[in-house]
Amino acid sequence: MAASTTSIPSHIKAWVYNEYGNIEETLKLDPNIATPQIKDDQVLIKVVAAALNPVDYKRALGLFKDTDSPFPTAPGYDVAGVVVKVGSKVKKFKVGDEVYGDINENAGNPKAIGTLAEYTSAEEKVLAHKPSNLSFIEASSLPLAIITAYQGIERAQFSSGKSILVLGGAGGVGSLVIQLAKQVFGASKVAATASTAKLELLRELGADLPIDYTKENFEELPEKFDFVYDTVEGQSDRALKATKEGGQVITIAGPASPPAIWFFLHSDGAVLDKLKPYLDSGKVKPVLDPKSPLPFSKAIEAFSYLKTNRATGKVVIHPIP
């Protein structure tokens, strides 16, 4: 799948918007976007698959207005694809390498041309070699969610033998928090919330105590936890009631009520490299929504579905285009 520089087109197809607003209304397919130019520390990637994240539609509403890239904006943070060009200072990758990553090192200062495009650019340091046992679809589903999961657990100084409650355990980040807490960090007990139909998935991922949030209020359980990882908007007050004395709450769906901490990832290929043995062995697995993958032409429908907050795991776009 390697490509020579001569076969890289000057213009590409990409989903873009030119104003802030609801992404389903502003997003349009543009067949004539200039191919991103790469800097010395960057590679150009032929996109094979891209995963969607809530940050994409929040950004489209103007979440990062003060630090965002200029329009037109092609959304998309997560990518899996093939390197077709490398900058002069790149050491880790060569043309033809299969890579994956979250292309925006700082979520609040994202690139103009994201991953809902035929080609995208990314710094060497935010990428990793794609695990050979994962498809491009599976690999694209991981970076932003697994780095968020890992760095959030690390931020809470979580250590082996401690207990954790994951709010939104069947979602993109939550499904990986359960697995990392169990497999990588050695949690003594993992509890997680989901709707009735998803409790079996929580068990499969390694949750010791699946909690049906349609029938139980997790904060009223007699058992309290060392750490609550909150992936569900507006839950930090309740999460604080579920922690032990001196316990920690991390939320990624802010704003957070102190002493809960609102956490945002810092994209880093080194985290993906560190987790590679767990991915290679299948101890940590990607979780894809049953609708995944959706074709490139269905990007707007994919965002509408993601916004329902009913997705299990990740929503992925493939093939592109």
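The values are calculated or read from the model by the stated rules, or taken from the named source; none is laboratory data. On a predicted model such as this, the values are computed, not experimentally measured, just so you know. Neighbour counts run over all protein chains shown; Cβ positions are idealised from the backbone, glycine included. What goes into the accessible areas is simple: the full protein's heavy atoms, side chains included, and nothing from ligands, DNA or RNA. Shrake-Rupley method; radii C 1.70, N 1.55, O 1.52, S 1.80 Å.
Here are some notes:
- Some residue of region 305-320 being β-branched (V, I, T) and surrounded by fewer than 14 Cβ atoms within 10 Å (Cβ to Cβ): yes
- Qualifying residue in region 73-85 (condition: hydroxyl-bearing (S, T, Y), within 30 Å of L275 (Cα to Cα), assigned to a loop (DSSP other than H, G, I, E, B) and modelled with pLDDT of 95 or more): yes
- Residue match in region 285-293 (condition: open to solvent by 50 Å² or more (accessible area, probe 1.4 Å), touching a residue at least 60 places away in the same chain (Cβ under 8 Å) and under 13 Å from L142 (Cβ atoms)): yes
- From the options A242, A187, A192, residue that is within 26 Å of L306 (Cβ to Cβ) and of a type in the set (G, A, S): A192
Here is a yes/no grid of residues against (1) in a loop (DSSP other than H, G, I, E, B); (2) over 19 Å from H129 (Cα atoms):
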position	(1), (2)
P259	yes, yes
A270	no, no
K285	yes, no
P290	yes, yes
Y305	no, yes
T308	yes, yes
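- From D56, D41, D68, residue being in contact with a strand residue (DSSP E or B) (Cβ under 8 Å, 6 or more places away or on another chain), of a type outside the set (S, T, N, Q) and touching a residue at least 40 places away in the same chain (Cβ under 8 Å): D41
- Residues that are open to solvent by less than 20 Å² (accessible area, probe 1.4 Å) number at least 3 in the following strands (runs of 3 or more DSSP E) confined to region 1-63: 11-16, 42-51.
- Qualifying residue in region 90-100 (condition: within 17 Å of the chain's Cα centre (by Cα) and crowded, with 23+ Cβ neighbours inside 10 Å): yes
- For region 170-184, filtering for residues that are touching a strand residue (DSSP E or B) at 6+ places or on another chain (Cβ under 9 Å) and open to solvent by 30 Å² or more (accessible area, probe 1.4 Å) leaves 1.
- In the set Y213, Y278, Y229, only one residue is at pLDDT 95 or above, open to solvent by less than 10 Å² (accessible area, probe 1.4 Å) and of a type outside the set (D, E); that residue is Y229.
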